[in-house]
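K.L.:
Sharing a structure with you now.
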Amino acid sequence: MTVTLRPPSSVRRSAWVKNPKLKPFLPYVVCLPIFLAIWQVISAILGQDRLPGPINVVANTWMPYIVEPFFDNGGTSKGLGLQILISLQRVAIGYLLAACTGILVGGVLGMSKFLGKGLDPVIQVLRTVPPLAWFPISLMVFQDANTSAIFVIFITAIWPIIINTAVGINQIPDDYNNVARVLKLSKKDYILNILIPSTVPYVFAGLRIAVGLAWLAIVAAEMLKADGGIGYFIWDAYNAGGDGSSSQIILAIFYVGLVGLSLDRLVAWVGRLVSPVSR
């Protein structure tokens, strides 16, 4: 008779931990269950009505919000997937406008020390204004909630793009500029071969900050006045005050975080592809 000896459980656990393919996932395997357990305990202390636990959130929102995220019953009664798409459409318009304008303005301010120094106080003052402070004046100007929300995204996201683009130009090494002068590069060649490659990492750092601010701004703006969108969904669920409202809000917040993380990673990935430093 053949006897198969199994290694002790401690040895098996040690081998699992040291496995190079599984080791990167170990922090998630350990920390996420701890987080969910703490959340469930706090929920039990406060009560499910005040703070539903993860089990209750899933149970209360499973149908239709988790199973059917793209349902559409007409009007603003839509699944979370469609609500997020509505918000992403607004973010895409405002963010692209901010990116194009911010890179252009930042490039001008970076190349002109006179304009950069003269407009710096204006930029430093306006960039500290909270996103929602722009919403009332945008409503007065545009007389439309959707256009106002897009403007709030634009005015919130543009400042880090302007600042980082200007800083990137100012950080171009003097050796590069000296070589350009020695070679007598034209303005076009200088911009294409020195200025743009040197400033791309700074520009994408600003774009990465801006996309997070844009997503934050649209959720807040939609809570105030919007027809549809993830921010509208959260505020509408709060005003409804039903049995599953708190679970719907928590699920929506979870989706907001996932989308924000995805947008940040997407811009970072594009930046690594474009940046000459990464190559």
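The values are calculated or read from the model by the stated rules, or taken from the named source; none is laboratory data. The shown structure was predicted, so the numbers you read here are calculated from the model rather than taken from an experiment. In this analysis, Cβ positions are derived from the backbone assuming ideal geometry, glycine residues included, and neighbour counts consider all displayed protein chains. What goes into the accessible areas is simple: the full protein's heavy atoms, side chains included, and nothing from ligands, DNA or RNA. Shrake-Rupley method; radii C 1.70, N 1.55, O 1.52, S 1.80 Å.
K.L.:
Could you derive backbone 3J(HN,Hα) for region 245-253 from the dihedral phi with the Karplus parameters 6.51, -1.76 and 1.60 (θ = phi - 60°), listing whole Hz in sequence and x where the residue is Gly or Pro?
P.N.:
Once rounded to whole Hz, the list reads 4, 5, 5, 5, 5, 5, 4, 5, 4.
K.L.:
Leaving out ligands and nucleic acids, and using a 1.4 Å probe, what accessible area per residue does region 88-226 come to in Å²? Display every interim value, and only then the final one.
P.N.:
Details: 7510 Å² over 139 residues.
On a per-residue basis, 54 Å².
K.L.:
Per 0.36 nm of contour for each residue apart, how much would the distance between K117 and I191 grow if the chain were fully extended, relative to their Cα-Cα spacing? Numbers along the way, then the final one.
P.N.:
On the way: separation 74, 0.36 × 74 = 26.64 nm, distance 2.14 nm.
Extra length from K117 to I191 when fully extended: 24.5 nm.
K.L.:
Okay, moving on. How many lysine pairs does region 88-226 hold where the Cα atoms are under 29 Å apart and the two sit 8 or more places apart or on different chains?
P.N.:
Numbers: K113/K184; K113/K187; K113/K188; K117/K184; K117/K187; K117/K188.
Lysine pairs satisfying the spacing and distance rule in region 88-226 number 6.
K.L.:
Keeping the other protein chains in place, figure out the carbon and sulfur percent of the accessible area of the chain, with a 1.4 Å probe. Show your work: numbers first, answer last.
P.N.:
Details: 11610 of 17050 Å².
The C+S portion of the solvent-accessible surface of the chain is 68 percent.
K.L.:
Give the relative contact order (percent, whole number) for region 88-226; include only Cα pairs under 8 Å separated by 6+ residues.
P.N.:
Details: 157 pairs, mean separation 52.8, N = 139.
So the answer I get is 38 percent.
K.L.:
Could you sort F35, F151, F142, F233 by accessible area so the largest value comes first, with the probe set to 1.4 Å?
P.N.:
Output order, biggest surface exposure first: F35, F142, F151, F233.
K.L.:
Also: Could you tell me how many degrees, from 0 to 90 and to the nearest 10, lie between the Cα long axis of helix 80-111 and the main elongation axis, the longest principal axis, of the Cα atoms of the chain?
P.N.:
30 degrees
K.L.:
Per the helix-only calculation at 222 nm, which mean residue ellipticity applies to the chain, given -39500 (n - 2.57) for every DSSP H run of n ≥ 4 and division by its residues, nearest 500 deg cm²/dmol?
P.N.:
On the way: 12 runs with 204 residues, N = 279.
Theoretical 222 nm ellipticity from helices: -24500 deg cm²/dmol.
K.L.:
Continuing with this model, one more query. Evaluate 2.2 N^0.38 Å with N set to the residue count of region 88-226, then give the Cα radius of gyration divided by it.
P.N.:
1.19
K.L.:
With a sphere of radius 15 Å drawn around the Cβ of G229, what net charge do the other residues whose Cβ falls strictly inside it have (Lys, Arg +1; Asp, Glu -1)? Present the calculation step by step, with values, prior to reporting the outcome.
P.N.:
Values: positive: K78, R90, K225; negative: D72, D144, E222, D227, D236.
Computed value for this residue: -2.
K.L.:
Right, another one. Pick from A214, A99, A240: which is most flexible by mean-square fluctuation in a GNM of the chain where alpha carbon atoms under 10 Å apart are linked?
P.N.:
Maximum among the listed residues: A240.
K.L.:
Along the Cα-to-C-beta direction of M140, a point sits 7 Å from the Cα; which residues of region 113-132 have their amide N less than 16 Å from that point?
P.N.:
So the set is 132.
K.L.:
Over the heavy atoms of M140, what accessible area does a 1.4 Å probe trace out, to the nearest 10 Å²?
P.N.:
So the heavy atoms of M140 present about 130 Å² to solvent.
K.L.:
If the chain between Q124 and M63 were fully stretched, how many nm would it gain, using 0.36 nm times the residue separation less the Cα-Cα distance? Mind dumping the intermediate values first?
P.N.:
On the way: separation 61, 0.36 × 61 = 21.96 nm, distance 4.73 nm.
Difference between extended and current length: 17.2 nm.
K.L.:
Once both axes come from the Cα atoms, what is the angle between helix 9-18 and the longest principal axis of the chain, in degrees from 0 to 90, rounded to 10?
P.N.:
Long axis of 9-18 versus the principal axis of the chain: about 20 degrees.
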